[in-house]
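Take a look at the structure set out below.
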């Protein structure tokens, strides 16, 4: 079943897992498309006002020419530029799931009209997730401003299908969907790796016959840290039914600090999940 997108809140870690990792498709709801069109019309009225506002890359040129205002006819010519020369990153490509996550993150800027792009571009970007092979996006050489060197090769082929209009190109290559996608991917992977770490440490604790008091439920409250409490609970989950004959003296420090170390991992995961959900 396709993932239906109506607002940016519809794009979260669960959505990224479905679309990027499980390769579900997406569809943009009718209300979202209407909102995109309305915001687009509002933006066009804004830039046609007199005097026009200064909007980089729309009413002005870009780069070293950013101080030069564009006349109305120049704006259209400027919008149609396809700067493929900027797609010059290199190295091994990002994994397919990461590229899919970048495309999904790009839609976050679209579906509430914030990017002032057109419905046709939003639909074209969503269609990239329909199952066809994703464009190769190199993982190295991203030394340019923002994420342009990654986003140009990602959306280069798409842009060849249109005579681009004002703001359409900028809506594809500006912003930080790569960072949002990468932190989401890292968070999803970390969830599974932390669980595996709990299993490995619990197995070691059992093999060493470390006293279970080091992981007692009373510590959840005594330590006063939600992430260390999560680590303790995760360890106890895999220590249910632990054998008798345990050491009657404390285990080495390396065993006693396991919940503290895992707590730091939980803290890092929590930060990554929050960043992914608000990016």
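Data for the structure
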quantity	calculated
Cα gyration tensor, the range 104-158 - rounded (a/c under 1.5), prolate or oblate	oblate
Debye intensity ratio in log₁₀ form over the Cα atoms of the range 144-279, taken at each q of 0.11, 0.18 Å⁻¹	-0.56, -0.97
0 to 90° range, to nearest 10: angle between helix 30-47 axis and the chain longest Cα axis	50
Prolate/oblate/rounded label for the range 1-119 (Cα gyration tensor, a/c 1.5)	oblate
Helix axis angle, 258-278 relative to the chain longest principal axis, alpha carbon, degrees	20
Residue 158 paired with residue 223, simple spin-label distance in nm, labels 7 Å along Cα-to-beta-carbon	4.4
Full-extension gain in nm, residue 7 to residue 74, via 0.36 nm per residue minus C-alpha separation	20.8 nm
Sum of -39500 (n - 2.57) over DSSP H runs of 4+, divided by residues of the chain (222 nm, nearest 500)	-16500 deg cm²/dmol
Helix 177-208 vs. the chain, principal-axis angle (Cα, 0 to 90°, nearest 10)	10
Top of 187, 61, 116 by mean-square fluctuation, Gaussian network on the chain, Cα under 10 Å	61
Protection proxy ranking, peptides 119-130, 154-165, average beta carbon neighbours within 10 Å, highest first	119-130, 154-165
The chain: most fluctuating residue of 131, 245, 263 per GNM, C-alpha cutoff 10 Å	245
Stokes-Einstein diffusion coefficient of the chain, Kirkwood radius over Cα pairs, 20 °C, 1.002 mPa s, in µm²/s	99
Simple spin-label estimate for residue 237 and residue 195 in nanometres, 7 Å along Cα-Cβ	0.7
Projected label distance in nm at residue 56 and residue 136, using a 7 Å step from Cα toward the beta-carbon	3.1
Burial ranking of peptide ranges 167-177, 15-25 (average Cβ count within 10 Å, highest at the top)	167-177, 15-25
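None of the figures in this text is laboratory data; all of them are computed from the coordinates on show. Predicted model, so just to flag it, every value in this text is computed and none were measured. Reconstructed Cβ throughout: ideal geometry from the backbone, glycine too, with neighbour counts over all protein chains shown.
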